[in-house]
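To start, the structure itself, in structure tokens.
The values are calculated or read from the model by the stated rules, or taken from the named source; none is laboratory data. None of these values were measured; they are calculated from a predicted model. Neighbour counts are summed over all protein chains in view; Cβ atoms, including those assigned to glycine, are modelled from backbone coordinates with ideal geometry. Accessible surface is based on the protein model in full, side chains and every heavy atom, while ligands, DNA and RNA are left aside. Shrake-Rupley method; radii C 1.70, N 1.55, O 1.52, S 1.80 Å.
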Amino acid sequence: MIAERDIATSVAPGAKPAPSGPPPLTVENVTKRFGEGPTALTAVDSVSFTLDAGEFVSVIGPSGCGKSTLFHVIGGLSDVTQGIVRVENETINGPHPAVGIVFQEESTFPWRNVIDNVAFPLELRGVSRSERHAAASHYIDMVGLHGFEKRLPSELSGGMRQRVSIARTLAAKPRILLMDEPFAALDEQTRLLLGDKVLQIQQQLKQTTLLITHSITEAVQLSDRILIMSYRPGRIKRIVNVDLPRPRTSDVVSSPEFGAIVADIWADLREEASRGLQESERGQG
Ligand SMILES: Nc1ncnc2c1ncn2[C@@H]1O[C@H](COP(=O)(O)OP(=O)(O)OP(=O)(O)O)[C@@H](O)[C@H]1O
């Protein structure tokens, strides 16, 4: 069940075009259980939402609330127990070619240089070397790695390697970009600056994106909407519309409006995270 209590509803008139056609992503009453019988664990419970074209939505929740489970289900990497995930009008039953995935873990190929990493999905499609290198260069520029085309991943920082992963996923021109805590391993300053990059890309491509994160600042900095999940079973507790003007940069974090949204989300998350902590202290986590 979705409990929707939007905190900021005043979307500027004409800010977003009215959606036409089916939403790029529909998650309908999705439940995911692990195991059977009395020891079965419901990780995700009756989750429903849609993603509109060009929208940036984040899913946020305390550790163990089922964010990664939801990510795996939407990415077609894991089956649902109940419910349906639709990409446009198509029910998925495995990875869908329209969904581009960026993982939390490093996923660059260490033996390929930057341009060949980014060009990889085009190579799989049989695109000629010159064409795929031209396309890859475009996305390398977009993520701010111009000049690093010939470097190996081992010659880059962690943040740069994640940018290579993002460029590689974008090079496949996904209709939906799905990211699971892509900046989790990075320090706070790098996260904020990479957030700027993601905002620029969003601005440029109007890329429909679903981000899984446990960082409130990241979610508020980047998103149009934030889905707050409850601690076990993972349900959508509340949906927050982030009515901060776009284009945005990381400067937005110092505005009072930003602070108010963060504080509001934290009030919910603190409750859920405390519940998680208490359960793990009782040995149920
Ligand atoms: N393959 C699995 N088998 C059994 N239980 C699982 C499996 N994967 C996840 N779980 C359980 O499902 C619950 C949700 O896990 P999940 O990893 O989706 O949470 P999360 O919100 O992504 O957590 P974190 O932020 O710590 O990564 C947890 O209790 C976890 O132990």
Could you grab me the full set of residues in the range 218-234 that are among the charged types (D, E, K, R) and either at pLDDT 95 or above or open to solvent by less than 40 Å² (accessible area, probe 1.4 Å) (or both)? E218, D224, R225
With respect to D52, determine if the residue is closer than 15 Å to R235 by Cα, among the acidic types (D, E) and in contact (Cβ under 8 Å) with a residue 60 or more places away in the chain. no
Please determine, by comparing only the residues of the range 18-63 that are open to solvent by 40 Å² or more (accessible area, probe 1.4 Å), assigned to a loop (DSSP other than H, G, I, E, B) and within 16 Å of the ligand (Cβ to nearest atom), which one is farthest from L244 (Cα to Cα). E36
List the number of the failed condition for A135; all other conditions in (1) in a helix (DSSP H, G or I); (2) touching a strand residue (DSSP E or B) at 6+ places or on another chain (Cβ under 7 Å) hold. (2)
Does the range 229-265 hold any residues that are closer than 22 Å to E188 by Cβ, more than 19 Å from the chain's Cα centre (by Cα) and within 16 Å of the ligand (Cβ to nearest atom), and which are they? none
Matching option when the condition is at pLDDT below 95 and either touching a helix residue (DSSP H, G or I) at 6+ places or on another chain (Cβ under 9 Å) or open to solvent by less than 70 Å² (accessible area, probe 1.4 Å) (or both), among G14, G66, G76: G66
Can you find a residue in the range 173-188 that is over 16 Å from V118 (Cα atoms) and part of a helix (DSSP H, G or I)? yes
All-but-one check, R5 against (1) open to solvent by 60 Å² or more (accessible area, probe 1.4 Å); (2) at pLDDT 95 or above; (3) in a loop (DSSP other than H, G, I, E, B), failing number (2)
